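Some notes on the structure that comes next.
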Amino acid sequence: MNASFDLDADGRRRVVIEGVRPEVDCGRFPAKRVVGERVTVEATIFADGHDRLAARLLFRKADQADWREAPMAPVGNDRWRGEFEVRELGRYRYTIAAWIDRFESWRHDLARRRDEQDIERALAVGAELVEQAAQRATGAEREALREHAARLRGGEPLAARVALAEGPLLGALMSAHPDRSLESVYDRELEVVADRVRARFSAWYEFFPRSVVEGEGAPHGTLRTAAARLPYIAEMGFDVVYLPPIHPIGRTHRKGANNALTAGPDDPGSPWAIGSEAGGHKAIHPALGTIEDFRAFRDRAAELGLEVALDLAFQCSPDHPYVREHPEWFRHFPDGSIQYAENPPKKYQDIYPLDFESAAWRDLWLELSSVVEHWIAEGVKIFRVDNPHTKPFAFWEWLIETTKARHPEVLFLSEAFSRPAVMHRLAKLGFTQSYTYFTWRNTKRELVEYFTELSDPRCRDYFRPNLWPNTPDILHEYLQFGGRPAFAVRAVLAATLAASYGIYGPAFELIEREPREPGSEEYRDSEKYQVRRWTLSNPASLKPLLTRLNRIRRENEALQSDDNLEFLPVDNEQLIAYSKRTADFGNIVLVVVNLDPHHTQSGYVEVPIDEWHIGATKPYQVHDLLSDARFLWHGRRNYVALDPQRSPAHVFRLRRHVGTEKDFDYFM
C-alpha cells in the first residue's frame with residue numbers, strides 16, 4: 001500500500017482547501033469575465049479541531065509576478081468567499097491561501113474563560129502572540145504591537161486588559177500581521193480571461209453584401225453599396241454587423257440556385273466555397289470590391305457605432321491557391337484526387353476540407369493564424385467561426401490563446417450546432433460566445449429546461465450563449481408555419497433570454513419563411529446560392545419591433561447579463577414567464593411570452609414579491625416597454641392575456657410603489 005502523504009512535506013499544515021469556484025474542469029480551462037466585473041471566488045476551507053481560520057484570495061495578471069490579496073470571509077458551512085475586480089483585458093491567475101489564525105483562536109477561548117487565574121495565564125499566552133506579530137511588523141505598527149503586548153502582561157486591571165484583547169484595534173493590527181508560516185495554498189493556480197464588454201452583451205445582424213444591389217441592371221452588390229445598408233442596421237440598434245465570407249468564390253463545381261449541382265453562367269456561387277485565381281482567405285472577391293472598399297465599409301460602420309464581424313471559414317474551393325501550392329494540406333482519394341466535403345447523403349463538391357492530420361500540420365496552423373492576423377491588421381476584432389467542431393480542439397485552443405495573447409480585445413463566436421459535449425468543449429477552449437440549440441427549443445418545457453441548464457453557474461463560468469432565431473442555413477418549422485407572430489415571439493425570446501443574440505436579415509425582419517421543400521429547414525431561393533433583392537420598406541417588417549427591443553436592452557442593465565435569469569410560474573403551458581434583475585433590485589424586467597402564434601392565451605403569473613422586496617399590501621406598477629402601457633398589479637398572482645396578432649409578449653419593467661396610486665410619477 002502506497003502512503004498518500006509525503007513525509008518530506010510539512011505535516012503541520014492543517015488547513016484543507018477544496019470545492020473552489022469558479023474552477024472549470026479542475027482548472028484545465030479559464031473562467032470568463034469582462035473588464036469591470038468582479039470575480040467572486042468561493043471555497044470550502046476547514047481544519048481539524050476547533051481553531052479559527054483565516055484565508056486570503058491571491059490574484060494577479062498572468063504576465064505579472066507579484067500576487068495581490070483580497071480578504072475571504074466565511075459564509076456558512078465552511079464555505080468562504082472573496083472577490084477581485086478584473087480591470088484590464090487579458091488573463092488573470094488566482095488561488096487561495098488559508099491558515100490557522102492563532103490569535104483569533106486565542107481570543108475565542110479567552111471569551112469563554114471565567115477563572116481569573118486562567119484568564120491571567122491566557123493573557124500571558126496572548127502577549128506572546130502579539131509580541132511575535134510585532135516581529136513581523138515594521139514602523140509604528142511594530143511599536144504599537146509591542147505596547148499592546150506589554151499591556152496584556154500586566155500593570156492594568158484585569159478587565160481593562162481583557163477589553164484590550166477583545167477590542168477591534170488589536171484585532172486589526174493582528175490581522176494585518178498574521179503568522180502564515182504554516183499556511184496551506186490551494187494546489188492549483190486557476191485562470192480567468194477578462195474580455196471587453198461586447199463579449200457579454202451584443203446584438204448581431206448578418207447580411208450578404210452582394211444582395212445590396214443598386215439599380216435594376218446591376219447583377220451583384222459591392223462593399224460600397226453594402227455600406228449604404230449600414231444606417232438601416234444602426235437605426236435598429238444592432239452593434240455588430242456580421243458578413244459571410246467576402247473572399248473570392250471558386251468556379252469548379254460551383255453550386256447553382258437552391259443548391260443545384262449545375263450552376264448557370266451568372267450564378268454567384270456559395271461564399272463558403274472560398275478561393276479562386278483572384279486569391280484565397282486574405283483576398284476580397286473582385287465582384288465585392290477592393291481592400292480599400294472594405295476599409296471604407298469598416299470605417300462607415302464605426303461611424304454608426306457598428307463593429308464588423310467577419311466569417312472565419314477554414315475550407316477551400318478546388319480553385320483556392322492552397323490546392324495548387326500546398327496539396328499536402330488536403331486529403332486525397334486513392335486515385336490522387338482531393339477529397340471534397342461530405343455529410344452523407346449531402347455532398348459538397350465545391351468545397352475541399354483541410355486535413356488537420358497532415359504531416360505538415362504545423363505549417364497549416366501557422367498559415368491559418370496568419371489569416372486571422374491579416375484581418376486583425378485590417379481592423380477586424382470579431383470573428384464568427386464556421387463549423388469549428390469539424391477542426392481539432394487543439395488547433396482552436398492554440399489559435400485563440402496565441403491570438404488573444406497579442407490581441408486580447410479580439411472575440412470569437414463559435415458556430416457549432418453539434419453535440420453538447422463538443423459545443424461546451426469549444427467554449428472551454430476559448431471561444432468567447434457560442435451558438436446554441438435555441439433555434440430548436442420552442443415549447444415552454446424545452447425553453448425552461450435548456451436555459452436552466454445554461455444558467456447553471458458551472459456552465460456560466462465559461463459558456464456565453466448567443467441566440468439566433470434564424471441563420472442562412474436554418475429556417476425552423478416554427479417560423480415556417482407561425483407567420484409574423486412566430487417571428488415576433490422568437491425575436492422577443494432571443495433578445496431577452498440572453499444578453500447576446502443575432503438575426504440573419506433582412507430575411508428575418510421581412511418574414512422570409514418559405515422552405516426549399518416540405519420538411520426542409522433550407523430557405524427557398526437561399527441567399528447562400530444567389531443574389532436576392534430585398535424590399536426593406538415592406539409595411540409588415542419587424543424593424544419597429546427589433547428597434548424597440550434593442551433600445552429596451554440598452555436601457556435596462558438587467559438584460560445585459562446571463563447570470564440573473566429566473567423562470568416564474570404561470571398556469572398556462574402556452575405562456576412562459578421569466579425575469580432578470582440587477583443585484584440591487586434597481587432594475588427588474590419581467591417578460592411574459594405567448595408561445596402560441598395562432599391563438600390568444602391567458603393565465604396568472606406568480607411574482608416573487610418577497611424576494612423582490614415588494615410589499616404584499618401595496619400595489620406596484622408594471623410598465624410594458626413594448627407597448628408603453630402601464631398596469632397596477634397587487635400581490636403575488638396577476639393576470640395576463642396576450643393576442644399574438646397584436647403583441648405576443650409583455651416586456652415589463654417593475655416599479656415599486658413609493659407614493660400615491662393616482663400618480664405614476666411616484667413609482668420608482
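Residues are listed down the side, and each one gets a yes or a no for (1) free of Cβ contacts under 8 Å to residues at least 40 places away in the same chain; (2) not in a loop (DSSP other than H, G, I, E, B):
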position: Tyr529; (1), (2): no, no
position: Phe567; (1), (2): no, yes
position: Gly586; (1), (2): yes, no
position: Val591; (1), (2): no, yes
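Put simply, of Ala273, Ala260, Ala218 the only residue that is modelled with pLDDT under 95, under 21 Å from Asp525 (Cβ atoms) and open to solvent by less than 30 Å² (accessible area, probe 1.4 Å) is Ala218.
Select from the stretch 9-26 the residues that are closer than 30 Å to Trp398 by Cα, in a loop (DSSP other than H, G, I, E, B) and open to solvent by 30 Å² or more (accessible area, probe 1.4 Å) and list them in ascending order.
Across the stretch 9-26, the qualifying residues are Glu23, Asp25, Cys26.
Taking the stretch 65-159 as the region of interest, the strands (runs of 3 or more DSSP E) fully inside it that hold 1 or more residues being under 30 Å from Lys404 (Cα atoms) and open to solvent by 50 Å² or more (accessible area, probe 1.4 Å) are 68-71, 79-85, 90-100. The lone criterion from (1) surrounded by fewer than 20 Cβ atoms within 10 Å (Cβ to Cβ); (2) at negative phi left unmet by Gly336 is number (2). Which ones in the stretch 646-668 are surrounded by 13 or more Cβ atoms within 10 Å (Cβ to Cβ) and modelled with pLDDT of 90 or more? Of everything in the stretch 646-668, those that are surrounded by 13 or more Cβ atoms within 10 Å (Cβ to Cβ) and modelled with pLDDT of 90 or more turn out to be Ser647, Pro648, Ala649, His650, Val651, Phe652, Arg653, Leu654.
Beta carbons closer than 8 Å, at least 6 apart along the sequence or on distinct chains, pair a first residue in the stretch 181-203 that is touching a residue at least 24 places away in the same chain (Cβ under 8 Å) and surrounded by fewer than 19 Cβ atoms within 10 Å (Cβ to Cβ) with a second that is outside any loop (DSSP other than H, G, I, E, B) and polar (S, T, N, Q) for Val185/Thr95; Arg188/Thr95; Glu189/Thr95.
Does the stretch 345-353 contain any residue that is open to solvent by 10 Å² or more (accessible area, probe 1.4 Å), of a type in the set (Lys, Arg) and either in contact (Cβ under 8 Å) with a residue 24 or more places away in the chain or in contact with a Pro (Cβ under 6 Å, 6 or more places away or on another chain) (or both)? No, because not a single residue in the stretch 345-353 is open to solvent by 10 Å² or more (accessible area, probe 1.4 Å), of a type in the set (Lys, Arg) and either in contact (Cβ under 8 Å) with a residue 24 or more places away in the chain or in contact with a Pro (Cβ under 6 Å, 6 or more places away or on another chain) (or both).
Which of the residues belonging to the stretch 304-363 are outside any loop (DSSP other than H, G, I, E, B) and among the basic types (Lys, Arg)? Scanning the stretch 304-363 gives Arg324, Lys346, Lys347, Arg362.
Residue count for the stretch 381-407, restricted to those that are within 24 Å of Glu342 (Cβ to Cβ) and touching a residue at least 12 places away in the same chain (Cβ under 8 Å): 12.
For Arg464, the requirement of being among the charged types (D, E, K, R), out of contact with any strand residue (DSSP E or B) (no Cβ under 7 Å at 6 or more places or on another chain), under 30 Å from Leu568 (Cα atoms) and touching a residue at least 40 places away in the same chain (Cβ under 8 Å) is not met. The condition (being closer than 30 Å to Phe201 by Cβ, out of contact with any Leu (no Cβ under 6 Å at 6 or more places or on another chain) and either part of a loop (DSSP other than H, G, I, E, B) or of a type outside the set (D, E, K, R) (or both)) is satisfied by just one residue among Ala55, Ala43: Ala43.
Asn538 falls short of the stated requirement of being touching a residue at least 60 places away in the same chain (Cβ under 8 Å) and surrounded by fewer than 20 Cβ atoms within 10 Å (Cβ to Cβ). Residues considered: Gly139, Gly82, Gly126. Of these, the only one that is in contact with a helix residue (DSSP H, G or I) (Cβ under 8 Å, 6 or more places away or on another chain), within 18 Å of Ala176 (Cα to Cα) and of a type outside the set (A, V, I, L, M, F, W, C) is Gly126.
Is it the case that some residue within the stretch 534-546 is touching a strand residue (DSSP E or B) at 6+ places or on another chain (Cβ under 8 Å) and closer than 30 Å to Ser211 by Cα?
The answer is yes; a qualifying residue exists.
A search for C-beta distances below 7 Å between a residue of the stretch 155-172 that is more than 13 Å from Gly126 (Cα to Cα) and any residue that is open to solvent by less than 60 Å² (accessible area, probe 1.4 Å), counting only pairs 6+ apart in sequence or on different chains, returns Leu158/Ile119. Could you check, for the stretch 210-228, whether at least one of its residues is charged (D, E, K, R), out of contact with any Cys (no Cβ under 6 Å at 6 or more places or on another chain), in contact (Cβ under 8 Å) with a residue 60 or more places away in the chain and closer than 20 Å to Asn470 by Cα? Yes, that holds for at least one residue.
The values are calculated or read from the model by the stated rules, or taken from the named source; none is laboratory data. Small disclaimer: the values here were computed from a predicted structure and weren't measured. Backbone-built Cβ (ideal geometry, glycine too); neighbour counts: all protein chains shown. The area values use the complete protein model at the heavy-atom level, side chains included, leaving out ligands, DNA and RNA. Shrake-Rupley method; radii C 1.70, N 1.55, O 1.52, S 1.80 Å.
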